[in-house]
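**Student:** Below are the C-alpha cells for one structure; questions will follow.
The values are calculated or read from the model by the stated rules, or taken from the named source; none is laboratory data. Since this is a predicted model, take the numbers as computed values, not measurements. Methodologically, a virtual Cβ is constructed for each residue, glycine included, from the backbone with ideal geometry; neighbour enumeration extends over all protein chains shown. Calculation scope for accessible area: heavy atoms of the full protein, side chains included, ligands and nucleic acids excluded. Shrake-Rupley method; radii C 1.70, N 1.55, O 1.52, S 1.80 Å.
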Amino acid sequence: MDVLWLIPLLLVPLLMWSSGTFVFYFKKCFYVGWMMVLALLAIPLCMLKSGGRDVENMRIIRVLVRHVKYFLGLRFDVSGWEHLQTEGPYVIISNHQSSLDVLGLMEILPDRCTMIAKKELVYAGTVGLICWLGGIVFINRKKTSDAKSVMAEAAQTMLDQQIRLWVFPEGTRNQKEDLLPFKKGAFHLAVQAQVPIIPVVFSSYRNFYLRKEKRFNSGTVRLRILPKIETKGMTSDDISSLCDKSFDLMQAAFRERLRLQTHEQRAVEGAEHSPRSRLLFPPTSPSETCLPRPPVPLPAPPPLLSPRFPIAWPCHEISSCLVDAWSGRPLARPVSAVCPDPHCACSSSSTCTTTSSTSTSSSAALQAVSGMTDGRIDACCSSCMTEGSGHHQFLLCFLPF
Ligand SMILES: CCCCCCCC/C=C\CCCCCCCC(=O)SCCNC(=O)CCNC(=O)[C@H](O)C(C)(C)COP(=O)(O)OP(=O)(O)OC[C@H]1O[C@@H](n2cnc3c(N)ncnc32)[C@H](O)[C@@H]1OP(=O)(O)O
Ligand SMILES: CCCCCCCCCCCCCC(=O)OC[C@@H](O)COP(=O)(O)O
C-alpha cells in the first residue's frame with residue numbers, strides 16, 4: 001500500500017522529462033501557488049512592520065519574491081543600473097508580457113516604489129491582500145474618468161510621500177513582437193508631478209516562454225534600464241510627444257534585443273547540426289553581400305576568454321559581431337580590413353583594399369584600424385560593402401587575447 005504513494009512521486013519527474021506541455025503547466029501552477037504561499041507569509045510580516053498599507057512593505061515582498069526565479073530556471077541580466085540612481089520620486093514604465101514580469105520587477109525595484117495595477121488584482125486572494133499592503137494603486141481600466149482621478153491623486157501622493165510608481169503603459173499583457181501603443185496615464189502622472197520617467201525594457205520571453213505553444217523552458221531575461229526622461233516644465237500639451245518619445249525609445253531597445261535573440265536562436269539551432277557548435281552564418285539579406293558564400297566554421301576560441309561558446313552574427317550586426325551567448329556582451333571588436341578568409345570571394349579581388357590602411361596584410365591592417373596588437377582575427381564576416389570608389393570594405397571580428 002505504501003508503494004502506491006511512490007507512483008505520483010516518480011510520475012512527476014518522468015512527465016517533466018518527457019513532456020514540455022506538462023512542464024509548462026507544472027511551472028505555472030507552481031508559480032501561482034508559491035506566490036500565494038509567499039503572500040501568506042508576507043502578510044503578518046507586513047502587518048508587524050508597518051501595521052497596514054505602506055510602500056515600505058515592498059521591501060519585504062521584494063526579499064520574499066527574489067528566490068522564485070531559481071525554481072523556474074530564470075536568470076535576469078540587468079544593464080543600466082546607473083539610470084536608477086536618481087533621487088526622489090519618478091515614474092518607471094516598462095513593457096508587460098506576463099505575470100512573470102513581477103520577478104524582473106522585483107530584481108530592480110528601487111526603495112519606496114510601488115505600482116499601478118488593475119483593480120481585479122485586489123481579489124487575487126493572499127496576493128491581492130499583499131498588493132494592497134504594498135501600497136499598489138488600483139485603477140478601474142473600464143472607467144477612464146475614475147482611473148484618471150485615481151492617478152491624479154497618485155501624482156500628489158508621490159510628491160507628498162516621496163513615492164516612486166511603476167506603470168505598465170501598454171495597459172495589458174502583450175506577447176507580440178512589438179509593443180502595444182502606450183496609454184497616456186503614466187505620462188500625465190509624470191507631468192502632473194513634474195518627475196522624470198525611467199523606461200525599463202524587458203527582453204522578449206519568446207525564447208523560453210510561449211503561452212500558445214505551452215512551452216516554459218529555462219531562460220534569461222535581459223532588463224535594460226534606459227536613461228531618464230525629464231518632464232520639468234512640461235504641460236498637458238506635451239503629453240503626446242512625451243508618450244511618443246518614450247514609446248520610440250523602448251520599441252527600439254526591444255527590437256534591437258529581439259534581433260539579437262533571433263540570431264542567437266538561429267545560432268543555437270545551427271549549432272545543433274554542427275559538431276563544432278560554432279558557425280559563422282551567411283548574411284540574412286543578400287543585398288548586403290558581394291557574393292554569397294557557405295557558412296564557415298570558426299576556429300576554436302582562446303580558452304580563457306570565452307569559456308562559454310560565443311556566437312558569430314552576420315556582420316551587418318556590426319555592434320555585436322561576436323557575442324557571449326549568456327551575457328550578450330560583445331567579445332570581439334568588429335573592424336575593417338582585408339578579409340583573410342580564403343572562402344571569401346572578395347579577398348582575392350584586386351579591387352579590395354581596407355578603408356584606413358593600404359596594407360594588404362590583414363594583421364597589419366587590423367593593427368592600423370583597431371590600434372590593438374594582441375589579438376587575432378576570429379572570423380571573416382560575410383558582409384562586404386561597396387564604397388563610393390568601387391573598393392570593398394570587409395568587417396572582421398577582432399578577438400583580443
Ligand atoms: C511575498 C509576497 C509574494 C507575493 C507575490 C505577489 C507580489 C506582487 C507584487 C507586486 C505585483 C504587482 C504587479 C502589478 C502588475 C499589474 C499590471 C497591470 O495591472 S497592467 C493593467 C493596469 N495598468 C494600466 O492600465 C496602465 C495604466 N493605464 C493608464 O494609464 C491609462 O491611460 C488609463 C487607464 C488612465 C486610461 O486608459 P484609456 O484606455 O482610457 O486610454 P488613454 O488613451 O490612455 O486615455 C484616454 C484619454 O484620457 C487622457 N488621460 C489619461 N490619463 C489621464 C490623466 N491621468 N489625467 C488626464 N487625462 C488623462 C488621455 O490623454 C486620453 O486623452 P486624449 O486621447 O489624449 O485626448
Ligand atoms: C486567483 C489567484 C491568482 C493569484 C495569482 C498569483 C500570481 C502572482 C502574480 C503576481 C501579479 C501579476 C499581475 C499581473 O500580471 O496581472 C496581469 C495584468 O497586469 C494585466 O492583465 P490583462 O492582461 O489585461 O488581463
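**Student:** Here are some residues: 175, 162. Which one is touching a residue at least 40 places away in the same chain (Cβ under 8 Å) and within 16 Å of ligand 2 (Cβ to nearest atom)? Don't jump to the end; show me each part of the working.
**Tutor:** Details: 162 fails: within 16 Å of ligand 2 (Cβ to nearest atom).
That would be 175, the only listed residue that is touching a residue at least 40 places away in the same chain (Cβ under 8 Å) and within 16 Å of ligand 2 (Cβ to nearest atom).
**Student:** On to the next question. Any residue at all in the range 110-125 that's within 12 Å of ligand 2 (Cβ to nearest atom) and more than 30 Å from residue 72 (Cα to Cα)? Before the answer, list the steps.
**Tutor:** Going residue by residue through the range 110-125, those that are within 12 Å of ligand 2 (Cβ to nearest atom) are 115-125.
Of the ones still in play, those that are also more than 30 Å from residue 72 (Cα to Cα) are none.
No - not one qualifying residue is present in the range 110-125.
**Student:** Collect the residues in the range 128-184 that are of a type in the set (Val, Ile, Thr) and more than 10 Å from ligand 1 (Cβ to nearest atom), keeping them in residue-number order. Give the derivation first.
**Tutor:** Looking only at the range 128-184, we keep the residues that are of a type in the set (Val, Ile, Thr), and these are 130, 136-137, 139, 144, 150, 157, 163, 167, 172.
Residues satisfying the conditions are 157, 163.
**Student:** Kindly list the number of the only condition in (1) open to solvent by 60 Å² or more (accessible area, probe 1.4 Å); (2) without any contact (Cβ under 8 Å) to a residue 24 or more places away in the chain that fails for residue 150.
**Tutor:** All conditions pass for residue 150, except number (1).
**Student:** Looking only at the range 59-96, count how many residues are within 15 Å of ligand 1 (Cβ to nearest atom), open to solvent by 10 Å² or more (accessible area, probe 1.4 Å) and either part of a loop (DSSP other than H, G, I, E, B) or not assigned by TED's automatic domain parsing to the domain that holds residue 170 (or both).
**Tutor:** Residues meeting the conditions: 3.
**Student:** Going by what's in this entry, would residue 213 be described as within 30 Å of residue 21 (Cα to Cα), open to solvent by 10 Å² or more (accessible area, probe 1.4 Å), over 18 Å from the mean Cα position of the chain (by Cα) and among the acidic types (Asp, Glu)? Step through it out loud before you land on a result.
**Tutor:** Values: within 30 Å of residue 21 (Cα to Cα): yes; open to solvent by 10 Å² or more (accessible area, probe 1.4 Å): yes; over 18 Å from the mean Cα position of the chain (by Cα): yes; among the acidic types (Asp, Glu): yes.
Considered against the rule, which asks whether it is within 30 Å of residue 21 (Cα to Cα), open to solvent by 10 Å² or more (accessible area, probe 1.4 Å), over 18 Å from the mean Cα position of the chain (by Cα) and among the acidic types (Asp, Glu), residue 213 comes out as yes.
**Student:** Can you confirm whether the range 67-88 contains a residue that is within 12 Å of ligand 2 (Cβ to nearest atom) and small (Gly, Ala, Ser)?
**Tutor:** No, the range 67-88 has no match at all.
**Student:** Among the listed residues 194, 161, 156, which satisfies the condition of being at pLDDT 95 or above, in contact with a Lys or Arg (Cβ under 6 Å, 6 or more places away or on another chain) and open to solvent by 20 Å² or more (accessible area, probe 1.4 Å)?
**Tutor:** On the way: 161 fails: in contact with a Lys or Arg (Cβ under 6 Å, 6 or more places away or on another chain); 156 fails: in contact with a Lys or Arg (Cβ under 6 Å, 6 or more places away or on another chain).
Unique residue meeting the criteria: 194.
**Student:** Looking at 76, 22, can you tell me which residue is more than 23 Å from residue 154 (Cα to Cα), at pLDDT below 95, touching a Leu at 6+ places or on another chain (Cβ under 8 Å) and not small (Gly, Ala, Ser)? Break it down into steps so the answer makes sense when it comes.
**Tutor:** On the way: 76 fails: at pLDDT below 95.
Sole residue among the options that is more than 23 Å from residue 154 (Cα to Cα), at pLDDT below 95, touching a Leu at 6+ places or on another chain (Cβ under 8 Å) and not small (Gly, Ala, Ser): 22.
**Student:** Separate question: Among the residues of the range 110-127, count how many are within 9 Å of ligand 1 (Cβ to nearest atom) and open to solvent by less than 50 Å² (accessible area, probe 1.4 Å).
**Tutor:** Matching residues across the range 110-127 total 7.
**Student:** Here's a follow-up. Among the residues in the range 20-41, are any within 23 Å of the chain's Cα centre (by Cα), under 30 Å from residue 228 (Cβ atoms) and away from ligand 1 (no atom under 13 Å from the Cβ)?
**Tutor:** Taking every residue of the range 20-41 in turn, none turns out to be within 23 Å of the chain's Cα centre (by Cα), under 30 Å from residue 228 (Cβ atoms) and away from ligand 1 (no atom under 13 Å from the Cβ).
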